[in-house]
Amino acid sequence: MRKSFDNFTIEYTEMDLVYIDDLIYKLLISHEEIMNFFHLKKLDKKVYIKIWSNYKNYKTFVENEVQRLFHKSITLSDWNIGNAIATETEKQIHLLTYTEILKRKSHHNYSIENMLTLCLHEFVHICDNQFKHQQTTLTWFNEALATVLSKQFPKDFLNLNCTLEEFLNGHVDYVKYYTLGRYLFENYKSEDILKLAKNNQLLQEKTPFLFQEAKQWLETITKQRKIDEKNLNKI
């Protein structure tokens with residue numbers, strides 16, 4: 001089954017009927033806000049979104065597409081449940097159907113709402129890639145943008161308990177990326193954030209400073225929360 005809209009086409013099966021209308025609605029009310037952040041009036045090409053009901057087929061297809069478009073080999077991990085593939089001529093989002101997601105490691109407690117947000121997360125990657133003309137930028141920054149702009153976590157769901165080395169090498173969960181992203185969006189202008197998106201050298205230079213700033217910011221927030229809790233307990 002397939003439905004088409006101005007900026008995306010979505011292909012799905014009967015397994016997705018219980019939530020497909022909610023997914024489409026979420027995309028329709030949120031995708032333009034994401035595009036506006038990147039100053040995109042239109043996409044170079046309509047995004048093709050496919051929901052896969054079989055993990056093996058999903059894995060094989062995504063791996064082959066990356067080989068075809070980028071001439072590199074990847075092996076998807078079992079926890080991988082969604083991917084955005086973007087070039088100047090291709091814009092694709094591939095997701096597992098909800099029942100398949102629940103079978104993956106670390107996703108046994110995943111909700112349908114989580115899945116809907118995941119689609120927005122991947123849509124952010126599509127817009128980000130068009131904005132920066134497919135330039136490579138640091139992983140943490142890409143994921144910080146995607147988690148914040150898709151509203152993947154609650155605003156106060158913050159944690160940066162890791163080293164800079166762990167952060168840069170991807171040995172952290174997505175909450176860490178979200179936390180630094182939350183710091184950026186609350187303390188920097190959108191234009192400053194977009195400059196980092198387009199200039200990987202500047203991003204590399206700024207990352208250690210941003211990481212330390214975010215740590216101090218989070219420490220201040222944590223201390224204030226404890227004070228507020230004590231005051232509430234006194235009432």
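The values are calculated or read from the model by the stated rules, or taken from the named source; none is laboratory data. The structure presented is a predicted model; accordingly, all values stated were derived computationally and were not measured. Every residue, glycine among them, receives a Cβ derived from its backbone with ideal geometry; neighbour counts consider all protein chains shown. For accessibility, only protein heavy atoms count, side chains too; no ligands or nucleic acids. Shrake-Rupley method; radii C 1.70, N 1.55, O 1.52, S 1.80 Å.
Using a 1.4 angstrom probe on heavy atoms only, work out the carbon and sulfur share of the accessible area of the chain in %.
49 percent
Work out the FRET efficiency for residue 173 and residue 225 from their Cβ-Cβ distance, taking R0 = 22 Å, and round it to the nearest 0.05.
Efficiency for this residue pair is about 0.55.
Does region 5-68 come out rounded, prolate or oblate, given a ≥ b ≥ c as the square roots of the eigenvalues of its C-alpha gyration tensor, rounded meaning a/c under 1.5 and, failing that, prolate meaning a/b above b/c?
Verdict is oblate for region 5-68.
Between residue 64 and residue 188, what FRET efficiency comes out of the Förster formula 1/(1 + (r/R0)^6) with R0 = 41 Å and r the beta carbon distance, rounded to 0.05?
The value I calculate is 0.60.
Nearest 10 degrees is fine. How inclined is helix 55-70 to the longest principal axis of the chain, computing both from alpha carbons?
Value to nearest ten degrees: 90.
Tell me whether the chain comes out rounded, prolate or oblate; compute the Cα gyration tensor, take square roots of the eigenvalues as a ≥ b ≥ c, and use a/c under 1.5 as the rounded threshold.
Because a/c hits 1.5 or more and a/b exceeds b/c, the chain counts as prolate.
Give the calculated FRET efficiency between residue 6 and residue 151 to the nearest 0.05, with a Förster radius of 22 Å applied to their Cβ-Cβ distance.
0.50
What angle do you read, to the nearest 10 degrees and between 0 and 90, between the alpha-carbon axis of helix 112-131 and the longest principal axis of the chain?
90 degrees
Mind checking which lysines have their Cα closer than 16 Å to the Cα of residue 46? Skip sequence neighbours fewer than 8 apart in that chain.
3, 91
What's the angle, to the nearest 10 degrees (0 to 90), between helix 174-187's Cα axis and the longest principal axis of the chain?
With rounding to tens, the tilt is 60 degrees.
Under a straight-distance cross-link criterion of Cα-Cα below 16 Å, which lysines are reachable from residue 206, leaving out those fewer than 8 residues away in the same chain?
Within the straight-line limit of under 16 Å, residue 206 reaches these lysines: 189, 195, 198, 215.
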